[in-house]
1. Is there any pair linking a residue in the range 171-197 that is within 14 Å of ALA52 (Cα to Cα) to one that is β-branched (Val, Ile, Thr) and open to solvent by 60 Å² or more (accessible area, probe 1.4 Å), with Cβ under 9 Å and at least six apart or on different chains, and which?
2. Can you give me the number of residues within the range 80-111 that are open to solvent by 40 Å² or more (accessible area, probe 1.4 Å) and modelled with pLDDT of 80 or more?
3. Determine the pairs where a residue that is charged (D, E, K, R), located within the range 136-165, has a partner that is open to solvent by 60 Å² or more (accessible area, probe 1.4 Å) with Cβ atoms under 9 Å apart, the partner being 6 or more residues away or on another chain.
4. Tell me, yes or no, whether the range 17-37 has at least one residue that is under 18 Å from LEU133 (Cα atoms) and modelled with pLDDT of 85 or more.
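The values are calculated or read from the model by the stated rules, or taken from the named source; none is laboratory data. Keep in mind that this is a model prediction, so the values were computed, not measured. Here the Cβ is made from the backbone with ideal geometry for all residues, glycine too, and neighbour counts use every protein chain on show. Quick note on the areas: whole protein, heavy atoms, side chains included, nothing else; ligands and nucleic acids left out. Shrake-Rupley method; radii C 1.70, N 1.55, O 1.52, S 1.80 Å.
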Amino acid sequence: MKRAISPVAMDAHVLSTLKFIRKSIETSGAIPIPGTAGFAIGTIGLVACAVASLPMLRTHWQLVWLIAAPIALLAGALLMVRNTFSSGQLPRVAAARKFLLALSPALFAGTVLTFVLKQSGAAVLLAPTWLLLYGCAVVSCSPVTSAVLGTRVAAMGALFMLLGAITYALPIELHNLTLGFAFGGLHFTFGLLIRLFQ
């Protein structure tokens, strides 16, 4: 005599399987962003702000940030790659390509505008433009992260954009501190949030 299969047990099994499949599909197309990347970029931002505040470097504060920016991006990228491999996940080539495609246009625009603004004598617009375009880049790449993480990444990008818009109205003497607050403080805070609630 065959045992009757409990419909409740069957439904629970099907639901758990569907949840597993959904999560697998979601994460397979998503880029994992570790909290350590936020800590690293935030630390570099705070150090850049402190160095640019030194009396002998105050007139060269923009140069300090131009040196710090590629270092911070490289550190964040390396930590993201390390996190992917250390967690035993296969490299997500398609997701990484989408992430870079989403991130690159605004960063490229920021690079071009840096040279244009410097050449045209409008260096006062550099810091707010960096903040605004970096925020755009972060918001653009947020859909390539997981659903929960994407919301936090988009929120951080929106704060960068808002801070960039506000910085256009601030005197240039405050721009270094604004960059420190954004690239240092916001990255560090969101890195902590990602680490705690991932």
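1. ILE172/VAL124; HIS175/VAL124; THR178/ILE166; GLY184/THR43; GLY184/VAL47
2. Qualifying residue count for the region: 8.
3. Listed by first residue and then by second, the contacts come to ARG152/LEU193; ARG152/PHE197.
4. No.
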